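J.: Supplied in structure tokens, the structure appears directly below.
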Amino acid sequence: MKKNFYITTPIYYASGRLHIGSSSSTLISDALKRYKKSLGYDTRFMTGLDEHGQKVEKKAASKNLTPKEFTDKLAKNAKDLWAYIDCDYDYFVRTTDENHIKQVQDVFELMLKNDDIYLGSYDGLYCVECETFFSQSEVGEEKLCPECGRPVQNVKEPSYFFRLSKYQDKLLDYINAHPNFIQPEGKKNEVVAFVKQGLQDLSVSRSTFKWGIPIKSDPKHVVYVWVDALFNYLTALNFLNDDKSLYEKYWLNSEVVHVVAKDILRFHAIFWPIFLMSLNIPINFTLFAHNWVLMYGEKMSKSKGNVIFPKTFVERYGVDAFRYYVLREFPVLSDLICTPEDFISRYNTDLVNDFGNLVSRSLSMAEKYFSSSVKRKEIDSEYISDLKNEMNNTIQVFHEDMNSFRVDKALQDINKLVSRTNKLIDETMPWALYKENKMEELEAVIYSLLEAIRVETTLYIPFLVNTTPIIFSSLGVTTGTIKDLVPYETKEFNITKLSSPLFPRENDPKKAIDEIIESMAYELTQEA
Ligand SMILES: [Zn+2]
């Protein structure tokens with residue numbers, strides 16, 4: 001039976017342009033989807049937009065647009081961006097979709113019926129910009145929002161509440177019984193510590209603004225952010241509709257992974273499983289929470305004015321170089337401080353010098369010494385058997401790393417194999433073998449180089465999405481899959497030389513850095 005894999009990014013909030021911060025969640029989801037697909041899984045990758053709330057309502061009004069007109073524009077921008085960096089999502093959910101609205105309304109009524117939601121009154125210090133209530137200690141004497149520094153307002157309103165407190169122990173039991181539920185380990189510990197402090201009931205409706213999903217049984221209220229936003233993962237599978245085939249396939253009979261950044265960890269690790277418990281739906285997902293991409297040390301959000309857009313790098317170095325950088329440096333355990341200097345250094349070292357150069361040298365030698373046709377030859381060589389072992393080891397650790405969301409380590413695994421492959425050229429000196437007319441030994445060496453490149457290219461499939469097909473075609477082999485990858489299986493390579501370098505060298509990094517910074521400054525002036 002075919003295995004199923006469902007992976008989601010958070011639905012990003014429709015407040016402005018998306019940048020490299022949101023790109024990191026989307027890129028890792030795309031890479032994991034491509035990995036599973038290459039293993040033969042039936043995959044579904046979903047992303048989308050969270051479009052309700054007072055902030056959207058206000059921002060749209062300031063632009064003389066209706067909220068829907070405003071979010072239509074942002075949804076189009078998001079889709080264009082994901083296409084631009086080759087993120088191959090299968091479905092784009094919008095919280096303004098009729099299908100989503102209808103099911104969220106049903107969710108709310110079910111929760112009311114289960115007595116998990118009750119009507120109370122909300123009294124708090126509220127930041128409109130951040131759409132968040134804060135405690136007295138958080139806002140201080142000056143009553144300023146700890147997130148954005150704007151003044152908070154005293155807000156009192158009738159509100160429905162969800163009984164989070166009722167589920168506190170049940171959630172802790174679930175987390176204990178499912179050690180891989182929240183990854184990595186450090187993030188799980190944070191969640192457990194937070195839950196143990198005690199959960200307060202959660203306000204889940206608002207009556208002070210209109211731009212949201214009206215509650216069916218009390219339309220003065222709209223559903224407040226979390227019940228609306230989190231259920232996107234299930235409404236997109238039609239879980240409350242008549243045709244439940246997607247829900248059965250990709251939730252009930254599937255590996256499910258939610259990728260989130262650390263700022264929304266708690267909502268996904270606490271509210272979401274509890275909401276599912278309330279509706280008697282299997283929790284059945286793994287939560288992977290990663291850290292932030294920072295620019296020169298500050299969290300990249302537009303309100304803090306420190307943002308980079310993929311275009312700045314993609315225009316100069318191509319999509320694959322951008323994908324490579326973000327995933328090779330992926331902020332799993334600590335934040336990534338992104339700088340143009342590091343980007344260029346990573347590009348020139350890993351992609352230009354190490355891998356790109358290996359491919360072009362090997363193809364040239366195959367053409368020069370064997371008129372482009374290289375057959376499998378196995379000889380007794382310490383160097384070659386060492387490389388062969390390294391290929392097998394690499395494949396094994398690569399799977400371990402991908403399955404624990406360590407795309408950064410998976411790329412380092414491939415890089416180590418690339419270095420080992422380059423070393424074979426130094427060890428065997430093919431040009432000397434040619435001079436001495438040791439053609440059998442030479443063919444075994446060139447074959448090994450090409451075979452190592454084939455293995456590396458296959459492992460790069462989830463990452464270098466434009467470059468890998470070019471290399472397979474240059475090697476004269478069919479595009480492989482990670483599932484069927486066995487080293488030394490190729491019988492013959494029929495080489496076509498590359499028409500241009502895979503990764504052109506950045507020869508003037510200093511000038512490039514200045515231009516990148518200038519281009520980022522320009523991008524910042526562009527409206528959403
Ligand atoms: Zn604020």
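The values are calculated or read from the model by the stated rules, or taken from the named source; none is laboratory data. Predicted model, so just to flag it, every value in this text is computed and none were measured. Glycine also receives a Cβ, built like all others from the backbone with ideal geometry; neighbour counts cover every protein chain displayed.
J.: Quick one: in the stretch 155-180, of everything that is closer than 15 Å to F271 by Cβ and among the hydroxyl-bearing types (S, T, Y), which residue is farthest from the ligand (Cβ to nearest atom)?
T.: Among residues in the stretch 155-180 that are closer than 15 Å to F271 by Cβ and among the hydroxyl-bearing types (S, T, Y), the one farthest from the ligand (Cβ to nearest atom) is Y174.
J.: Something else about it: If a residue has to be surrounded by 23 or more Cβ atoms within 10 Å (Cβ to Cβ) and free of Cβ contacts under 8 Å to residues at least 60 places away in the same chain to count, how many in the stretch 238-261 make the cut?
T.: The total comes to 0.
J.: Here is a list: D50, D115, D80. Which entry is within 18 Å of the chain's Cα centre (by Cα) and surrounded by fewer than 18 Cβ atoms within 10 Å (Cβ to Cβ)? Quick ask: steps written out before the conclusion?
T.: On the way: D50 fails: surrounded by fewer than 18 Cβ atoms within 10 Å (Cβ to Cβ); D115 fails: within 18 Å of the chain's Cα centre (by Cα).
None of the others qualify; the one that does is D80.
J.: Turning to a different aspect of this structure: So which residues in the stretch 481-493 are part of a loop (DSSP other than H, G, I, E, B) and under 20 Å from E378 (Cβ atoms), if there are any at all? Before the answer, list the steps.
T.: Looking only at the stretch 481-493, we keep the residues that are part of a loop (DSSP other than H, G, I, E, B), and these are 481-491.
Across the stretch 481-493, the qualifying residues are L485, V486, P487, Y488, E489, T490, K491.
J.: I need the full set of residues from the stretch 471-499 which are free of Cβ contacts under 8 Å to residues at least 60 places away in the same chain and surrounded by fewer than 16 Cβ atoms within 10 Å (Cβ to Cβ), in order please.
T.: S473, T478, T479, D484, V486, E489, S499, listed by residue number.
J.: Related question: Criterion first (within 16 Å of the ligand (Cβ to nearest atom), modelled with pLDDT under 95 and assigned to a strand (DSSP E or B)) does G124 satisfy it? I'd like the intermediate steps shown before the answer.
T.: On the way: within 16 Å of the ligand (Cβ to nearest atom): yes; modelled with pLDDT under 95: yes; assigned to a strand (DSSP E or B): yes.
Judged against the criteria, G124 is a match.
J.: Residue under question is Y118, and the condition is that it be in contact with a strand residue (DSSP E or B) (Cβ under 7 Å, 6 or more places away or on another chain) and either at pLDDT 95 or above or within 16 Å of the ligand (Cβ to nearest atom) (or both); does it hold? Talk me through it step by step, then tell me what you get.
T.: Numbers: in contact with a strand residue (DSSP E or B) (Cβ under 7 Å, 6 or more places away or on another chain): yes; either at pLDDT 95 or above or within 16 Å of the ligand (Cβ to nearest atom) (or both): yes.
For Y118, the condition - in contact with a strand residue (DSSP E or B) (Cβ under 7 Å, 6 or more places away or on another chain) and either at pLDDT 95 or above or within 16 Å of the ligand (Cβ to nearest atom) (or both) - is met.
J.: Okay, moving on. Kindly indicate whether A289 is out of contact with any strand residue (DSSP E or B) (no Cβ under 9 Å at 6 or more places or on another chain), modelled with pLDDT of 90 or more and under 15 Å from D408 (Cα atoms).
T.: It is false that A289 is out of contact with any strand residue (DSSP E or B) (no Cβ under 9 Å at 6 or more places or on another chain), modelled with pLDDT of 90 or more and under 15 Å from D408 (Cα atoms).
Each row is one residue, and each column tells you yes or no for (1) more than 24 Å from S372 (Cβ to Cβ); (2) acidic (D, E).
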{"residue": "A432", "(1), (2)": "no, no"}
{"residue": "L464", "(1), (2)": "no, no"}
{"residue": "E489", "(1), (2)": "no, yes"}
{"residue": "K510", "(1), (2)": "yes, no"}
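J.: Counting only residues that are at pLDDT 95 or above and outside any helix (DSSP H, G or I), which one in the stretch 262-285 is surrounded by the fewest Cβ atoms within 10 Å (Cβ to Cβ)?
T.: This residue is N280.
J.: Hey, another quick one. Contact list please: Cβ distance under 7 Å, first residue in the stretch 124-152 and among the aromatic types (F, W, Y), second residue within 7 Å of the ligand (Cβ to nearest atom), pairs at least six apart or on different chains.
T.: These pairs meet every condition: F134/C127; F134/C145.
J.: Which of (1) out of contact with any Pro (no Cβ under 8 Å at 6 or more places or on another chain); (2) touching a residue at least 60 places away in the same chain (Cβ under 8 Å) does Q197 not meet, given it meets every other one?
T.: In the conditions (1) out of contact with any Pro (no Cβ under 8 Å at 6 or more places or on another chain); (2) touching a residue at least 60 places away in the same chain (Cβ under 8 Å), Q197 misses (2) alone.
J.: Select, from K76, K102, K63, the only residue that is closer than 21 Å to I215 by Cβ, outside the structural domain of F322 (by TED's automatic domain parsing) and among the basic types (K, R).
T.: The conditions single out K102.
J.: Taking the residues in the stretch 93-115 that are under 21 Å from D243 (Cα atoms) and polar (S, T, N, Q) as candidates, determine which candidate is nearest to the ligand (Cβ to nearest atom).
T.: T95
J.: Counting only residues that are closer than 22 Å to S205 by Cβ and not in a loop (DSSP other than H, G, I, E, B), which one in the stretch 133-154 is farthest from the ligand (Cβ to nearest atom)?
T.: Top of the filtered list is N154.
J.: Same structure, new question: Under 7 Å between Cβ atoms, at least 6 apart or on separate chains: pull out the pairs that start in the stretch 263-276 with a residue that is among the small types (G, A, S) and end on any residue that is part of a helix (DSSP H, G or I) and modelled with pLDDT of 95 or more.
T.: Cβ pairs passing all conditions: A269/V191.
J.: Can you find a residue in the stretch 376-391 that is in the same structural domain as N353 (by TED's automatic domain parsing), under 22 Å from the mean Cα position of the chain (by Cα) and in a helix (DSSP H, G or I)?
T.: no
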